[in-house]
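The structure appears right after this line, and notes come after that.
The values are calculated or read from the model by the stated rules, or taken from the named source; none is laboratory data. These figures come from a predicted structure and were not determined experimentally. Cβ: placed from backbone, ideal geometry, glycine included. Neighbour counts: every protein chain shown.
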Amino acid sequence: MRRYRVFCRVFCRVFCLALCLATLAPGATAAGIPAPYAALVIQPAGMPARYEFDLSAALARARRENKRLYVYLGASDCPYCRKYEAFLDQNAQELVPQFRPQYIVVDLRSALSVSANQLYIRIGDRSLAYADFQRSIGDERARMLVYPSVWLLDAYARPLMQMPAGTGTFQTVPEQLEILRLEQ
């Protein structure tokens, strides 16, 4: 009887843990960027009213390692994001050696239901709404929230170049390499 009770307790705990993990938002615990890129996944704080992504630790690491940031904003339920992530996965052998020496890949996970008014980017003690963040880095794109989005930043959050966004964004190896080399 005692073994049965122990078994039931263990089974119940494992089942509850599995149920909790299954109810998490898609992509909430794993990077959308494929594993070979060793992405730094930043989970949003303040949900559900506010999705705030804090880039402070990533920027501090970039300064320590003398690297740039490749900041990827993807949505867990975005088909274009999945397509871009599949492209990265299929071409990892060729692309990862170009990313690793100079970039820290940062993966910000959101959802299509999150509006631009809910999405914030924190750098140090400054937290900026999505449109204000874009303006602060001189991003000339429309102020709409577009998935996927990529920003190339130096270790002090200064933009390195204007980036395209949305469907079909730099999905050939030569285009991706031009981006990484900052060729405009």
task: Please state which one of Leu145, Leu95 is buried (at least 19 other Cβ atoms within 10 Å of the Cβ), hydrophobic (A, V, I, L, M, F, W, C), at pLDDT 90 or above and within 24 Å of Leu59 (Cα to Cα).
output: Leu95
- prompt: Which numbered condition trips up Ala129, out of (1) surrounded by fewer than 20 Cβ atoms within 10 Å (Cβ to Cβ); (2) at pLDDT 95 or above; (3) touching a strand residue (DSSP E or B) at 6+ places or on another chain (Cβ under 9 Å)?
  reply: (2)
- prompt: So, in region 98-115, of the ones that are of a type in the set (A, V, I, L, M) and buried (at least 16 other Cβ atoms within 10 Å of the Cβ), which residue ends up farthest from the chain's Cα centre (by Cα)?
  reply: Val114
field: Members of region 112-135 that are within 16 Å of Leu152 (Cα to Cα) and without any contact (Cβ under 8 Å) to a residue 12 or more places away in the chain
entry: Gln134, Arg135
statement: Of the candidates Asp89, Asp54, the one satisfying the condition of being surrounded by 14 or more Cβ atoms within 10 Å (Cβ to Cβ), more than 14 Å from the chain's Cα centre (by Cα) and either closer than 16 Å to Ile104 by Cα or at pLDDT 95 or above (or both) is Asp89
message: Going residue by residue through region 66-76, is there one that turns out to be hydroxyl-bearing (Ser, Thr, Tyr), under 12 Å from Gly32 (Cα atoms) and within 16 Å of the chain's Cα centre (by Cα)?
response: yes
